[in-house]
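See structure below.
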Amino acid sequence: LTVDDKNDVIEMITKSFYEKGDIERYFKNEINRTVYAEFLEPVWNSIVEKGLSFVVKDLNHQIVGVALNFDAYDEPEFEVNSRLIVIIEMLIYLEEPIKYVTNTSLTFNYFQLCRDNNLPNGLGQVLHGFMMATSADFNASENVACIYFMEKELLALARRKSFAGIFTTNTSPLTQQLGSDVNAYKTMIEYRINQFVYHDGSKPFQKAPDSVTVMVQWKDIRNE
């Protein structure tokens with residue numbers, strides 16, 4: 001990942017999550033396309049400098065996939081000033097209870113809020129698979145192939161960097177299946193999003209069927 005990839009990557013993430021996201025579809029009328037740029041642009045240079053994220057290019061040197069990853073205990077501080085905060089707060093809620101700052105804004109260091117006893121502590125221990133996105137032009141089989149490739153590269157990256165393991169919160173059935181059935185991640189939590197109660201008392205995902213879940217998953221690679 002380079003500084004120059006910013007516009008292409010943010011557009012890809014926007015299309016993947018805003019237009020096709022498995023959670024976002026139940027919340028789309030409350031956010032707009034700009035929220036992902038507003039979320040990522042302020043910390044873009046920091047993401048690049050961490051050196052743990054990567055893009056996938058096709059034979060024409062066009063970016064067709066991206067994986068944003070961090071050391072779990074050395075993540076950039078994101079600031080959320082949009083209704084995207086509802087999704088972020090739900091994901092954080094699954095990892096550790098938090099004190100809400102205001103109704104609309106929360107500044108946080110994402111993974112400092114996730115100190116599960118099953119995870120090793122300290123820098124260089126836990127690689128956090130934060131976001132993956134693929135080209136909007138892909139058909140279904142191309143999308144599966146690219147995600148599968150990035151999941152394998154994520155494992156290879158963790159081994160090269162001598163991490164103890166990979167932590168991720170998977171929101172799509174594809175990454176959940178690859179994590180559970182292919183790459184042998186341990187599912188720590190599986191949560192139906194229609195159960196989530198926002199701090200204002202509302203249930204923003206109540207229309208989602210019980211089959212729509214998020215999975216908090218961990219893969220220990222120390223003994224592989």
>> Looking only at helices (runs of 4 or more DSSP H) that lie completely in segment 1-80, which have at least 3 residues being closer than 30 Å to PRO209 by Cα?
In response: 6-14, 35-40
> Consider SER141 against the criteria (1) among the polar types (S, T, N, Q); (2) open to solvent by 40 Å² or more (accessible area, probe 1.4 Å); (3) closer than 26 Å to PHE70 by Cα; (4) in a helix (DSSP H, G or I): it satisfies all of them except one. Which criterion is unmet?
Replying inline: (3)
> Do you know which of the residues in segment 16-32 that are over 19 Å from SER172 (Cβ atoms) and open to solvent by less than 90 Å² (accessible area, probe 1.4 Å) is modelled with the lowest pLDDT?
Replying inline: GLU30
>> List the residue pairs whose Cβ atoms are under 9 Å apart, where the first residue sits in segment 201-214 and is farther than 17 Å from ASN170 by Cβ and free of Cβ contacts under 8 Å to residues at least 60 places away in the same chain, the second is surrounded by 11 or more Cβ atoms within 10 Å (Cβ to Cβ) and among the aromatic types (Phe, Trp, Tyr), and the two are 6 or more positions apart or on different chains.
In response: LYS203/PHE196; GLN206/TYR26; GLN206/PHE196
>> I'd like to verify a number: residues in segment 184-201 that are open to solvent by less than 40 Å² (accessible area, probe 1.4 Å), within 20 Å of ARG83 (Cα to Cα) and either in contact with an Asp or Glu (Cβ under 8 Å, 6 or more places away or on another chain) or part of a loop (DSSP other than H, G, I, E, B) (or both), how many?
In response: 3
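Yes or no, residue by residue, for (1) modelled with pLDDT of 90 or more; (2) under 26 Å from VAL48 (Cβ atoms):
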{"position": "ASP137", "(1), (2)": "yes, yes"}
{"position": "THR168", "(1), (2)": "no, yes"}
{"position": "SER172", "(1), (2)": "no, yes"}
{"position": "LYS186", "(1), (2)": "no, no"}
{"position": "GLU190", "(1), (2)": "no, no"}
{"position": "HIS199", "(1), (2)": "no, no"}
{"position": "SER202", "(1), (2)": "no, no"}
{"position": "PRO209", "(1), (2)": "yes, no"}
> Do you know which of the residues in segment 202-224 that are over 21 Å from GLY21 (Cα atoms) and of a type in the set (Asp, Glu) is most open to solvent (accessible area, probe 1.4 Å)?
Replying inline: GLU224
>> Go through segment 187-210 and report how many residues are of a type in the set (D, E, K, R) and touching a Lys or Arg at 6+ places or on another chain (Cβ under 7 Å).
In response: 1
> Based on what the data block shows, is ALA156 open to solvent by 10 Å² or more (accessible area, probe 1.4 Å) and farther than 22 Å from VAL216 by Cα?
Replying inline: no
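The values are calculated or read from the model by the stated rules, or taken from the named source; none is laboratory data. This one's a predicted model, so the numbers in the text were calculated from it and none came from an experiment. Quick reminder, even Gly has a Cβ in these numbers, built from the backbone with ideal geometry, and neighbours come from all protein chains shown. In case anyone asks, the SASA skips ligands and DNA or RNA and just uses the protein heavy atoms, side chains included. Shrake-Rupley method; radii C 1.70, N 1.55, O 1.52, S 1.80 Å.
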